[in-house]
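Enquirer: Have a look at this one before I ask anything.
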Amino acid sequence: MKKKRVFALLSTILLMLGLLAGCSSSESGGEGGEGDIIKIGVNLELTGESEFIGKSIEQGLDLALKHVNEEGIGGKTIELVKIDNKSSEDEAKSGATKLIDDDKVIAIIGSGTNETTLAQIDIAQEKKIPLITPTGMDASLTSQEYVFRTTFIDSYQGPAAANFASQDLSLKNAVILIDNASDYSKNLAESFKNAFEENGGKVVSEEEYSSGDTDFAAILANVQSANPEFLYVPGHYEEVGLILKQARELGLKIPFIGGDGWDSAELGNISGKQMLTNAFITTHYTSKDKDKAVATFVRKFKEKNTGQVANTYSALGYDTVFLLADAIKRAGSADPEKIQEALAATDGLALITGTLTFDADRNPLKSITIIEYKDGIQQFIKKIEPKE
């Protein structure tokens, strides 16, 4: 990895926008970049089972768009052309085709899940239109050269949790609770287990549940029998909240560790705030981070969204717009092929969720944030920086 350029996010954004404003408005670009408007497609889950993810990303996109367009890009402004894929792979695929063929976008942001992102990959590659998923973590998503992501991948996040458990908490044996209906959960569990065992830890049992389950009594009885020092639960907040609630009610007070799928304000409402304690997650960002740029983002988001606190998905959506705007600036054009080349060369771009450098597979090398929950309240613990 090249040596990272370390600088403040706010200075980066101001500098970037200033440079963009100085570009010639007569530059030629892709069809979606002609005239004064640069069209960027948005293909998100705005309804359906993954609506929470899609709408959270959308809030981040909208805030970033406002900031970017205050200065413009070479005298132009970005227009987001939005498609609701309804949390459906078929809708995501047809939406990508419409955005490229009918709306003439020069890039697509989306989708929020692995499955709906995967549905668009072949289309983006064939049409040579950059596709950036803010939150899709499966390693296979960036198998094509026109596909990028803003999030770190499952195999990057899992070892960070394992190292934190081993090195920071000095824990030596675990039970893993896996959502067998979720590739996200299975991938995180596998990468965690491999790293934890490499550290000398032992996974004494693996238990399974399915998305939508509400009764975890049998699973938790097995956990009690295994007598682990902690539980690793790489699931989503809906089920995790219930697992936490039922485990604490059974007297299981051992630490819980999970991933960014926990990161919702609803988690504590489901579990009960007093039950959500002695619990840790790996994620991209927390509003409790005292970094000046993060604090400014949190304040601006609250102002635009009636006091709502930005979650991880919103932060990643926000960063995706700045990532793409930075690539357009460096490409000196709205031509999709030139933007693809500029995206691939991204090195040391300071964003809300960490300073981003793409590796050879267009996956971000960036910091991971560790959060602890105490009585339902997030506490910022530390950031783990990528190894040089």
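Enquirer: Tell me the label-point distance for the pair Glu208, Asp168, using the 7 Å Cα-to-Cβ offset, in nm and rounded to one decimal.
Expert: Distance between label points: 3.1 nm.
Enquirer: What does DSSP give for the chain in terms of the percent of beta bridges that are antiparallel, rounded to the nearest 5?
Expert: 40
Enquirer: Skip the ligands, DNA and RNA, and give the accessible area per residue of the chain with a 1.4 Å probe, whole Å².
Expert: In whole numbers, the chain has 40 Å² accessible per residue.
Enquirer: Moving on. Report the per residue volume, in Å³, of the convex hull enclosing the C-alpha atoms of the stretch 278-347.
Expert: Cα-based convex hull of the stretch 278-347, divided per residue, equals 130 Å³.
Enquirer: When the accessible area of the stretch 178-241 is split by element with a 1.4 Å probe, what percent falls to carbon and sulfur?
Expert: Of all accessible area on the stretch 178-241, carbon and sulfur atoms account for 37 percent.
Enquirer: Would you kindly calculate the translational diffusion coefficient of the stretch 200-352, applying Stokes-Einstein with the Kirkwood radius from alpha carbon pairs, for 10 °C and a viscosity of 1.306 mPa s, and quote it in µm² s⁻¹ without decimals?
Expert: The calculation lands on 87 µm²/s.
Enquirer: Just to be sure I follow: if Rg is taken over the C-alpha atoms of the stretch 335-387 and Rh is the Kirkwood radius over the same atoms, what is Rg/Rh? Kindly include the intermediate steps, with their values, before the conclusion.
Expert: Numbers: Rg = 15.2 Å, Rh = 13.0 Å.
Rounded to two decimals, Rg/Rh equals 1.17.
Enquirer: Right, here's the next one. Work out Dmax and Rg for the chain from the C-alpha atoms and quote the Rg first, both in angstrom.
Expert: When restricted to the Cα atoms of the chain, Rg and Dmax are 20.8, 70 Å.
Enquirer: How many angstrom lie between the Cα centre of the stretch 38-75 and the Cα centre of the stretch 148-165?
Expert: For the stretch 38-75 versus the stretch 148-165, the Cα centre distance is 25 Å.
Enquirer: Let me ask something else about it. Roughly what percent of Cα-Cα pairs across the stretch 125-209 reach past 17 Å?
Expert: 54
Enquirer: Same structure, new question: Under the Karplus relation 6.51 cos²θ - 1.76 cosθ + 1.60, θ = phi - 60°, what is the ordered set of whole-Hz ³J(HN,Hα) values for the stretch 276-284, x standing for Gly and Pro?
Expert: Residue by residue, the stretch 276-284 yields 8, 8, 6, 9, 9, 9, 9, 7, 9 Hz.
Enquirer: Ok, one more. So what is the relative contact order for the stretch 64-186, in percent, with contacts set as C-alpha pairs under 8 Å and at least six apart?
Expert: Across the stretch 64-186, relative contact order equals 15 percent.
Enquirer: As an exercise, find the ratio Rg/Rh for the stretch 29-167 from alpha-carbon atoms, using the Kirkwood inverse-distance average for Rh.
Expert: Values: Rg = 15.8 Å, Rh = 15.5 Å.
Ratio value, two decimals: 1.02.
Enquirer: Please work out the Cα center distance from the stretch 324-388 to the stretch 216-247, rounded to the nearest Å.
Expert: Answer, in whole Å: 32.
Enquirer: Over 25 Å between C-alpha atoms is what I'm after, so list which of Lys273/Lys302; Lys288/Lys366; Lys186/Lys245; Lys39/Lys127; Lys66/Lys292; Lys86/Lys338 land there.
Expert: From the list (Lys273/Lys302; Lys288/Lys366; Lys186/Lys245; Lys39/Lys127; Lys66/Lys292; Lys86/Lys338), the Cα-Cα distance tops 25 Å for Lys86/Lys338.
The values are calculated or read from the model by the stated rules, or taken from the named source; none is laboratory data. These numbers were taken from a predicted model, which means no experiment stands behind them. Because the Cβ atoms are built from the backbone with ideal geometry, glycine has one as well, and the counts that use them run over all protein chains shown. When the accessible area is computed, the model is the full protein with side chains, heavy atoms only, and any ligands, DNA or RNA have been set aside. Shrake-Rupley method; radii C 1.70, N 1.55, O 1.52, S 1.80 Å.
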